[in-house]
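*Asks:* Before I ask anything, here is the structure I am working with.
The values are calculated or read from the model by the stated rules, or taken from the named source; none is laboratory data. The shown structure was predicted, so the numbers you read here are calculated from the model rather than taken from an experiment. In this analysis, Cβ positions are derived from the backbone assuming ideal geometry, glycine residues included, and neighbour counts consider all displayed protein chains. These area figures cover heavy atoms from the full protein model, side chains too; ligands, DNA and RNA do not enter into them. Shrake-Rupley method; radii C 1.70, N 1.55, O 1.52, S 1.80 Å.
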Amino acid sequence: MNLRLPTAILLVALCAALAQTAAQAAPPAAAADPFAGRDLSIAPGDDFFAYANGGWMQKTDIPPDRSSIGVDAQLQEQTDARVHQLLLDAVRAGAAPGTETRKIADYFATFMDEEAIEARGIDPVRPALQAIDAIGDRVALARALGSTVQADVDVLNATNVHTANILGLWVAQDLDDPAKYAPFLLQGGLGMPDRDYYVKDTARMKEIRDRYLEHVAAVLRLAGFSEPEARARRVFDLESRIAASHGSRAETVDVKKGNNHWTRAQFATRAPGLDWEAFLAAAGLASAPEFVVWHPQALAGLAALAGSEPIATWQDYLRFHALEAVSAYLPRAFAQEHFHFHGTVLTGTPQNRERWKRAVTATNYALGEAVGHLYVDRYFPAIDKAQVGQLVRNLIAAFDRRLQENTWLEPETKRQAREKLATLKVGVGYPDHWRDYSALEVVPGDAVGNLLRAKAFETRRNLAKLGQPIDRDEWVMVPQLVNAVNLPVMNAIQFPAAILQPPNFSAGNSPALNYGAIGATIGHEISHSFDDEGALFDSTGRLHNWWTPGDFANFEASGKALARQYDGYHPFPDATVNGALTLSENIADLAGLAVAYDAYRISLGGAPAPLVGKLSGDQQFFLGFAQSWREKRREAAIRQQLVTDSHAPAEYRADTVRNMDAWYKAFGVRKEQELYLEPKDRVRVW
Ligand SMILES: [Zn+2]
């Protein structure tokens, strides 16, 4: 499970993500007063988020090319600017053809050459469109649908569960036998972010549906198709039927619902209507004997539609998606139309990002670890890696102490939990072994082709894992991504270099601040190994409940109370936080905060905490935590987040402090204040 940002930004679903990452606000410098962003007119006990961040909120505008701005976004902007410089340097270096530096340079420069892209028009998509024209029967249709499958989703690690391709492929450890890789198949095929956008009966969703219909027609019109409105209507209706068979987000993140093993032969009976042999062969899965079908209903729904809908309708669907998937790499009219819907309509972002920023995202997507290697060589000193490593060890020690002192786990469960903690693999900054890009061909002047080859390379790289031993050194995020991740089946956590910067972490910060900020983040990731999903995976990554029913009942009771707490948050009069959808992340926030607090107290070794200004150590700690959630987000983007994101809006994540006795003491919080909870209502999970 990832920490905050949609990982899609760098790893997958590039086109939709182009609206997201960006750089206009100044990078966060190590301020003279690290707590200068407070609003002292607000009482900490009434609104801790606004008390910690109100000054910053008043001074900060969301840049027009972004749907939000905050600590993570500002760090990502700073990092993107540095990566941009590295890319320009790579172009200037004039490296030999075939080298990674040359591939990076060519990929970037080709994306930047807008005039060349303009001049080629939609020629780069014509081979794909001709192949779609040639679909003459259902077997050919099955092949065409199968050929769109990419390794572009990830259920448990980076938690990206949406793909506009007909199905998503994830190659990961088999949950029943983690010593081997298995191909996971996920629902897909929707151009909008989730089934709710097709089926939910609210004014907002109806409005978005109207805009989407216009968008599909606009793309087809730009590509020169006749009767674009009629075609768009058919595409939209087909997607709506696909959506009707889709599972909800809450169902998708339920591991027990998803872990369905199908043999090859079972596809024909469990999901009739589609020629699965043709489909799987075209997807590069001709020889896989067994699959994990995460969404059985969606596969059945898709197969039925593949057998019943007119081939001509499927052809229009495939034409639209072939264009949509590469539109950011096509002439301006396509890129603008894509941004208009995916940026402005869906997230309320008025303006697309500058070309160079999109080029950075694009190059990160295609050659992420090669770029990341350059990045850490220049920007991630060995001392940072060493210091964060020490901090992580302190956090693990503090968590182990909590496990030992835990009063509600059975002794045997406790023993297994400690074993799992002891074998947790922690990655700091970057992987031990870098990815090999020698099989990726980058052709100067062929932006669309480069994207398609990069996707195919990534898919082949994943398919090649099948039948191979597990690689515990593989990273699921690139070093230049501001994020952090827990890999439950791998029993590992990873902290990319880019998140390990001020204000999250700095050797110059007070320890209280470091522990409240990056410490709570690290604790968050560790705790995912022991939360409602981590409890399902043992120290080897096998999916089996290693807790007794009594352990689980205790844990679930705590979880229910926390879900109720979050259900009570109303960002808008007509919308609430979904306590069930966000429960795993909220538990991780609470556990991370608690264990970071312990580690911080331990690090003091009994000595009094040094004051910063007039702030006590505990005050610095909790402020560091609340500051790490500093963010402003557009209303449309918050509404999208409430529907699709397993993370609650930042403000409520900062409110986690309500559950910590030490916070009440540190700020003298009183009964009549807004955030006050009776001691019996303060949730303690760990
Ligand atoms: Zn998380």
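*Asks:* Ranked highest first by the average count of other Cβ atoms within 10 Å around their residues, in what order do 192-204, 283-295 fall? Intermediate values should be presented prior to the final figure.
*Replies:* Working: 192-204: 16.7, 283-295: 18.9.
Put in order of decreasing packing, that is 283-295, 192-204.
*Asks:* Do any GluC sites (Glu not before Pro) in segment 298-399 lie in a DSSP loop with no more than 16 other beta carbon atoms within 10 Å, and if so, which?
*Replies:* Sparse-neighbourhood loop GluC sites (Glu not before Pro): GLU354.
*Asks:* Just report the Cα centroid separation between segment 414-444 and segment 581-607, whole Å.
*Replies:* So the separation of the two Cα centres works out to 24 Å.
*Asks:* Take the Cα gyration tensor of segment 549-635, multiply each eigenvalue by 5, square-root it, and list the three semi-axes largest first, rounded to whole angstrom.
*Replies:* Numbers: eigenvalues 179, 93, 14 Å².
Its equivalent ellipsoid spans semi-axes of 30, 22, 9 Å.
*Asks:* For segment 227-331, with only Lys/Arg (+1) and Asp/Glu (-1) charged at the beta-carbon, what is the dipole magnitude about the Cα centre, in debye rounded to 20?
*Replies:* Numbers: 10 positive and 12 negative charges, 50 e Å.
Result for segment 227-331 is approximately 240 debye, rounded to the nearest 20.
*Asks:* I'd like the accessible area for GLU207, computed on protein heavy atoms only with a 1.4 Å probe and all protein chains in place. Round to 10 Å², please.
*Replies:* 90 Å²
*Asks:* Residues of segment 561-587 with the amide nitrogen closer than 18 Å to a label point 7 Å from the Cα of ALA203, along Cα-to-Cβ, please.
*Replies:* From segment 561-587, the list is 571-576.
*Asks:* Let me ask something else about it. Leaving out ligands, DNA and RNA but keeping every protein chain, what accessible area does LYS256 have, in Å² rounded to the nearest 10, with a 1.4 Å probe?
*Replies:* It works out to around 130 Å².
*Asks:* I've got another one for you. Could you state the accessible area per residue of the chain in Å², with a 1.4 Å probe and every protein chain left in place?
*Replies:* On the way: 25050 Å² over 686 residues.
About 37 Å² of surface per residue is accessible.
*Asks:* Please express the Cα-Cα pair-distance distribution P(r) of the chain as a list of whole percents, one per 20 Å bin, running from 0 to the bin with the greatest distance.
*Replies:* 18, 53, 27, 2
*Asks:* In addition: What residue among SER558, ALA32, VAL71 has its Cα farthest toward the positive end of the dipole of the chain, where the charges are +1 on Lys, Arg and -1 on Asp, Glu, each on the Cβ?
*Replies:* ALA32
*Asks:* How about LYS665: which lysines have a C-alpha closer than 28 Å to its C-alpha, ignoring those fewer than 8 places off in the same chain?
*Replies:* Within reach: LYS560, LYS614, LYS680.
*Asks:* Using each residue's phi in segment 295-309, evaluate 6.51 cos²θ - 1.76 cosθ + 1.60 at θ = phi - 60° and report the 3J(HN,Hα) Karplus result to the nearest Hz, with x for Gly and Pro.
*Replies:* These are the phi-based 3J(HN,Hα) values: 10, x, 5, 5, 5, 5, x, 4, 4, 4, 5, 5, x, 10, 6 Hz.
*Asks:* If you build the Cα gyration tensor of segment 144-244 and take the root of 5 times each eigenvalue, what three semi-axes come out, in whole angstrom, biggest first?
*Replies:* Working: eigenvalues 197, 55, 19 Å².
So the equivalent ellipsoid measures 31, 17, 10 Å along its semi-axes.
*Asks:* DSSP loop chymotrypsin sites (Phe, Trp or Tyr not before Pro) in segment 301-387 with at most 16 other Cβ atoms within 10 Å of their Cβ, which ones?
*Replies:* Numbers: sites: TRP314, TYR317, PHE320, TYR329, PHE334, PHE339, PHE341, TRP356, TYR365, TYR375, TYR379; in loops: none.
Filter output for segment 301-387: empty list.
*Asks:* Given H placed 1.01 Å from N in the peptide plane, which residues other than close sequence neighbours of TYR181 have an amide H under 5 Å from its amide H?
*Replies:* Residues meeting the criterion, in which the H sits 1.01 Å from N, are ASP174, GLY467, GLN468.
*Asks:* When DSSP beta bridges are limited to those with both residues in the chain, what percentage is antiparallel, rounded to the nearest 5?
*Replies:* Working: 21 of 29 bridges.
So the antiparallel bridges in the chain amount to around 70 percent.
*Asks:* Could you check the spin-label model distance between GLN351 and ALA607? Points 7 Å from the Cα along Cα→Cβ, value in nm.
*Replies:* Between GLN351 and ALA607, the label points sit 4.9 nm apart.
*Asks:* Quote the accessible area belonging to ARG211 in square angstrom, nearest 10, computed with a 1.4 Å probe and with ligands, DNA and RNA left uncounted.
*Replies:* Number for this one is 70 Å².
*Asks:* Follow-up question, since we're still on this one. Using a 1.4 angstrom probe on heavy atoms only, work out the carbon and sulfur share of the accessible area of the chain in %.
*Replies:* Numbers: 13260 of 25050 Å².
The value for the chain is 53 percent carbon and sulfur by accessible area.
*Asks:* Now a separate question. Hey, got the dipole for the chain? About the Cα centre, +1 on K and R Cβ, -1 on D and E Cβ, debye to the nearest 20? If you can, show how the numbers build up before the last one.
*Replies:* Working: 70 positive and 83 negative charges, 86 e Å.
Value, rounded to 20: 420 debye.
*Asks:* I've got another one for you. Amide H neighbours of GLN187 under 5 Å, counting only residues 5+ apart in sequence or on other chains, H built in-plane at 1.01 Å?
*Replies:* Hits under the 5 Å cutoff: GLY168, HIS295.
*Asks:* Rounded to the nearest 0.05, what FRET efficiency do ARG393 and ARG126 give with R0 = 60 Å and r taken as the Cβ-Cβ distance? Could you check? Can you show the working numbers first?
*Replies:* Working: r = 56 Å, r/R0 = 0.94.
The computed FRET efficiency comes out at 0.60.
*Asks:* Give me, ordered by chain and number, the residues 5 or more places off LEU156 or on other chains with an amide H under 5 Å from its own placed amide H.
*Replies:* none
*Asks:* Within segment 478-574, which GluC sites (Glu not before Pro) sit in a loop by DSSP and count at most 12 neighbouring Cβ atoms inside 10 Å? Mind dumping the intermediate values first?
*Replies:* Working: sites: GLU525, GLU533, GLU556; in loops: GLU533.
Passing sites in segment 478-574 do not exist.
*Asks:* While we're looking at this one, here's another question. Work from the charge dipole of the chain (Cβ charges, +1 for Lys and Arg, -1 for Asp and Glu, about the Cα centre) and give the residue of ASN450, GLY273, ALA382 farthest towards its positive end.
*Replies:* ALA382
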